[in-house]
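The values are calculated or read from the model by the stated rules, or taken from the named source; none is laboratory data. As the structure is a computational prediction, the values presented were derived from the model and not from experiment. Cβ placement follows ideal geometry from the backbone for every residue including glycine, while neighbour counts extend to all protein chains displayed.
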Amino acid sequence: MAPPVERTPLARCLILLHSLLLLLPRGVPCRGATRAPESPCHRAEHPLISHTEIEPWIHRFRAEGTVDYSQLTFDPGQNELIVGARNHLFRLHLEDLSLIQVGEKSMSACLSVCLSEECQNYIRVLLINGDRLFTCGTNAFTPICTNRTLTNLTEVHDQISGMARCPYNPLHNSTALITSSGELYAATAMDFSGRDPAIYRSLGGLPPLRTAQYNSKWLNEPNFVSSYDIGNFTYFFFRENAVEHDCGRTVFSRAARVCKNDIGGRFLLEDTWTTFMKARLNCSRPGEIPFNYNELQGTFFLPELELLYGIFTTNVNSIAASAVCTFNLSAITQVFSGPFKYQENSRSAWLPYPNPNPDFQCGTIDYGSYVNLTERNLQDAQKFILMHEVVQPVVPVPYFMEDNVRFSHVAVDVVQGKDMLYHIIYLATDYGTIKKVLSPLNQTMGSCLLDEIELFPPKKRQPIRSLLILHSRSELFVGVRDQVIKIPLMHCNFHKSRDACVGARDPYCGWDLVLKKCTTLEESISMSQWEQSITRCPVRNVTVDGHFGAWSGWKACSHSDGGSVGSCQCRTRACDSPSPQCGGQPCQGISVEVANCSRNGAWTPWTPWAPCSTSCGIGFQVRQRSCSNPTPRHGGRVCVGQNREERYCNEHLPCPPHVYWSAWSPWERCTVPCGGGIQSRRRTCENGNECPGCSVEFQSCNTLPCPDLKKTTPWTPWTPVNISDNGGHYEQRFRYTCKARVTEPSLLEVGRQRIEMRYCSSDGSTGCSTDDLLRSGRITGLTVNGGWSVWGPWSQCSRDCSSGVRNRKRTCSNPKPKYGGITCLGPAQEFQECNTTPCPVDGSWSCWSPWSKCSVTCGGGHYMRTRTCNNPPPAYGGDICLGLHTEEALCNIQPCPESWSDWSEWSPCDSSGSQVRLRHCDVLFPTGNQCSGNSSETRACLPISNFIPETSVARSSQEERWCGVFIMQTYLIAQCHN
């Protein structure tokens, strides 16, 4: 191979300038040949999900007074989101971002004298280490780090300096990670000014190491992006000023790595990495002159596939453009095994140099002697830093490219579709949206921009500061200045029809033919019944329906109504907000509106006479009309006269005398003082005897039970008994005892019988004495229990209406109780409600209302007052009110001054041989007779008049309904729509 030709810096600059001159006429290369601009109706645009559409699907968290939600991570169980913001730490529930705990970071005392925004504690390192949370913050340019309990953020175990672990300035980029053995790898600025960047290892069991200080060949003003712990190496990705590019300042993207078991050199490269190497990452649009995306902004690593996604942009001072490139880890490893790029001195060219250790491995460490076993010569490690070869992406063309936008963060999800696995790329833009991109499926089909999610209204957008994906829950977490947002990646329910579901080309979603709805693959009943088609990119519907713009101001116009000319107000609007495009619907509605047209009122015909208010005796009939033929409007004259007429009727048909009941008498005394009696009241029929209903009304009374009464009769006289004994005889006597609840003692009946007997000697020597052996007993004989007779007929109802009472009776005579028999049980009288229909209510007039305002200011008007039949209103067949409900009186009868303008000139002759002249009322809204007479005059044409042909009427809308002819001041005929 021929040795490379060494060119001077001037020669290299001339070659680059020539390349730029070749590029300038062409502009930025594009994917296809130059062609004419596409029609807006045929231009393919990606679907856009507005913030109003996505809002029901997302959750937001914000804390008052807290900003810069830039650090996000998950707890090991993936149940909580840990958030680092300015001056605060938060633990949030993943489900709805509700707050679990807030922990405040300690701040430096310089906050009391520093007024700058940077004089706060900005969290820049947020790492999980087992059950501990390691955090570092800028702390007002005095960085500190703390170890906290993960489940209790307020429990701080230790606090150490944050120098070389966290930037001093929150505007400086940095990245950090903790390995499983506890070493912290940080890439950040090590001083206040940011002029000493370093990749630094601390903590753990290995000695601290860093990159060479103030050596631009190691790091040249880097902006650190990300870091990963992969195998025996720790990888760092960043962008920096290219030291090998000596013609102007150019930024290159880098991949660097160090061995995790590197312990530094002895005497040479002491406390410095001996395994640090870096290589350029290439992401460019291929062509005759490639278009380079030089500045790396973000990365995402898929460890299962050993695939790295990177987003690259153009320089901030050039035209905005972004691209997504992917790199295999094996390609990066191969470049690190290749030749180095070496410069002998500052005036020499950069040349390739063979790798002394092409199969370099990290080796092992002897912790006892700290012997470096990385098999790399220290002199080589000091000289050979930059690799000669460039790390090329998986495919030459970037996975996705877009102009006029800058991507800031990237996240990737791997989704199982119906036929294959899909890679979905989520890109954060600098204006606060998330672009959802489908990675290329094969060499022939490029990437697809599936949709773009608006997180904020268009006028309130803000850049995205962090982007974190949780694959297990298919959720995306976004950190911005004032809040954290959770977005579900699967929102298949958003699509309501099959066409919308399949047309979205979303790998998450498909149409379930059984469930008849858009579902995820997990929700579907059967994969064979799950329809998904991802063969082309989705296209936004660009059809735009037309909408009217704002109405113009009102302008005066005139109209003809029944031979008279009146004035109106007219306004118009145009279908231009927006105009219908690409087959959209035209504007719906009228384009001309006419209002405030003056019109005189006129009476409708009288209605027929209503039926007479009474069937006999003097009544009245009513008929009405209304001032609505037409209704007066906008200053037009009101109708003059009455709107109601009344007349008497049935005045020659007298009514028979009114037969009616008198008022009820007071209730009479109750039949019993206790135990339930009956009382009555009475009324009489006046002017006859045919009143409906009953003249007597009954009700129950004194229903409380009576107290127990006991009565014993006196003894009867002694009477002999037909029993003899030794010549003597016996005598006996009786008495009776009764106990019952009755109202009076006289009502007690005989109950138990007591008998006493005595013996009387025949000679009277011993007198009569009572025999103790004789006993008491009941009267012998047959007892008879009482029984009820049948119920009698119901009595007449006590009232004709509004609920009366009637009764019926029975007696305890079937049979009557005898010889101590039991009386009848139950009531002897029964009551029932009757005539429940409400009584008629005759109507009565309310008071007169106040007199109304006079209808005109001059020329004779009227005012009126009214009353209504509602005090009370007639009901249940009662009579209506008699008399008028409206009274009118004249007012303002003084004559009105004439207000006509002068007559106009006679018009040219029309086809009928007539001429017309007009005048108008100078009063905008005339009242009374201010403008009496005609507003137009007609005469036959003079012999010298010329014939004027008819002109057609121009319409201002497509509708065919008319309500008059309206003449604009510009002498155009306008159309009035109801």
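The table for this structure:
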quantity: Members of the stretch 51-61 that are surrounded by fewer than 16 Cβ atoms within 10 Å (Cβ to Cβ) and either of a type outside the set (D, E, K, R) or assigned by TED's automatic domain parsing to the domain that holds D482 (or both); calculated: T52, P56, W57
quantity: Failed condition for G103, given (1) under 28 Å from E240 (Cα atoms); (2) modelled with pLDDT under 90; (3) not polar (S, T, N, Q); calculated: (1)
quantity: Residue list for the stretch 173-192, filter: outside any loop (DSSP other than H, G, I, E, B) and not aliphatic (A, V, I, L, M); calculated: T175, Y185, T188
quantity: Selection from the stretch 209-231 of residues that are under 56 Å from the mean Cα position of the chain (by Cα), touching a residue at least 60 places away in the same chain (Cβ under 8 Å) and in a loop (DSSP other than H, G, I, E, B); calculated: T211
quantity: Options A550, A556; residue that is part of a strand (DSSP E or B) and either closer than 30 Å to C931 by Cα or within 55 Å of the chain's Cα centre (by Cα) (or both); calculated: A556
quantity: Count of residues meeting criterion [farther than 21 Å from G877 by Cα and either in a loop (DSSP other than H, G, I, E, B) or out of contact with any Phe, Trp or Tyr (no Cβ under 8 Å at 6 or more places or on another chain) (or both)] in the stretch 799-828; calculated: 19
quantity: Leading residue by the ranking (farthest from the chain's Cα centre (by Cα)) among those in the stretch 602-660 that are among the aliphatic types (A, V, I, L, M) and within 14 Å of I880 (Cβ to Cβ); calculated: I618
quantity: Among the residues listed as T274, T299, T234, T326, the single one being assigned to a loop (DSSP other than H, G, I, E, B) and surrounded by 19 or more Cβ atoms within 10 Å (Cβ to Cβ); calculated: T274
quantity: The stretch 122-132, residues that are surrounded by 22 or more Cβ atoms within 10 Å (Cβ to Cβ) and more than 13 Å from L184 (Cα to Cα); calculated: Y122, I123, R124
quantity: From the options R201, R165, R195, residue that is charged (D, E, K, R), in a loop (DSSP other than H, G, I, E, B) and surrounded by 22 or more Cβ atoms within 10 Å (Cβ to Cβ); calculated: R165
quantity: Within the stretch 842-872, tally of residues that are in a loop (DSSP other than H, G, I, E, B) and within 14 Å of N892 (Cβ to Cβ); calculated: 10
quantity: Test: residue in the stretch 631-647 that is part of a loop (DSSP other than H, G, I, E, B) and under 30 Å from D800 (Cα atoms); calculated: no
quantity: Lone qualifier among L209, L150 - being assigned by TED's automatic domain parsing to the domain that holds L305, crowded, with 17+ Cβ neighbours inside 10 Å and more than 30 Å from R266 (Cα to Cα); calculated: L150
quantity: Matching entry among N355, N377, N345 (being touching a helix residue (DSSP H, G or I) at 6+ places or on another chain (Cβ under 9 Å), modelled with pLDDT under 95 and of a type outside the set (D, E)); calculated: N355
quantity: Near pairs, Cβ below 9 angstrom, 6+ apart or cross-chain, from the stretch 665-681 (on the phi > 0 side of the Ramachandran plot and surrounded by 14 or more Cβ atoms within 10 Å (Cβ to Cβ)) to any residue that is part of a loop (DSSP other than H, G, I, E, B) and among the hydroxyl-bearing types (S, T, Y); calculated: G675/T703; G675/T743; G676/T703
quantity: Where a residue in the stretch 507-521 is in the same structural domain as C492 (by TED's automatic domain parsing) and small (G, A, S) and its partner, wherever it lies, is in a strand (DSSP E or B) and at pLDDT 90 or above, with Cβ under 9 Å and at least six apart; calculated: G510/C518; G510/T519; G510/T520; G510/W530; G510/E531
quantity: Only listed residue being among the acidic types (D, E), in contact (Cβ under 8 Å) with a residue 24 or more places away in the chain and within 17 Å of Q796 (Cβ to Cβ), chosen from E651, E690, E645; calculated: E690
quantity: Residue in the stretch 60-68 that is modelled with pLDDT of 90 or more, of a type in the set (A, V, I, L, M) and within 16 Å of I469 (Cβ to Cβ) present; calculated: no
quantity: Test: T737 is farther than 25 Å from P666 by Cβ, at pLDDT below 85 and polar (S, T, N, Q); calculated: yes
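A quick yes/no check of all residues on (1) of a type in the set (A, V, I, L, M, F, W, C); (2) over 20 Å from Q624 (Cα atoms); (3) without any contact (Cβ under 8 Å) to a residue 24 or more places away in the chain:
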site	(1), (2), (3)
V841	yes, yes, no
P850	no, yes, yes
C858	yes, yes, no
Y863	no, no, no
P872	no, yes, no
I880	yes, no, no
N892	no, yes, no
